[in-house]
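Everything on this sheet refers to the single structure shown next.
We did not get these values from a lab; they are worked out from the coordinates using the rules stated. As the structure is a computational prediction, the values presented were derived from the model and not from experiment. Note: ideal-geometry Cβ built from the backbone for every residue, glycine included; neighbour counts use all protein chains shown.
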Amino acid sequence: MKSENILLYESKKADKVIKHCKKCNNCWEKLLFQINGAGGRMESKHRKYVLTHQDFPSYGKTKETCPTCLGLTSYTQSVKGFIVKEIIKS
Ligand SMILES: [Zn+2]
């Protein structure tokens, strides 16, 4: 069964979760996806991703260096239509 990945996207709390990185001057947030395993086997594995918002108003956002600038992320990939980078270290 090809289950949809469950998106635990906390959009309702966007103002709180979106942060502003002063190094790259982008706003960013962490996304948590539940990845269901292939072949009908359910692995409830959660993976963390970084979504970068370019041209996003940084006013009032928490200033925090993004995982990308900290070198914690892997390559850019598309997950559920979001262009994100996976956080591989924490
Ligand atoms: Zn950054």
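Worth a mention:
- Computed from the C-beta positions of Tyr75 and Lys23, the FRET efficiency with R₀ = 25 Å rounds to 0.85.
- Note on Lys30 and Tyr59: the model spin-label points, each 7 Å out from Cα along the C-beta direction, lie 2.8 nm apart.
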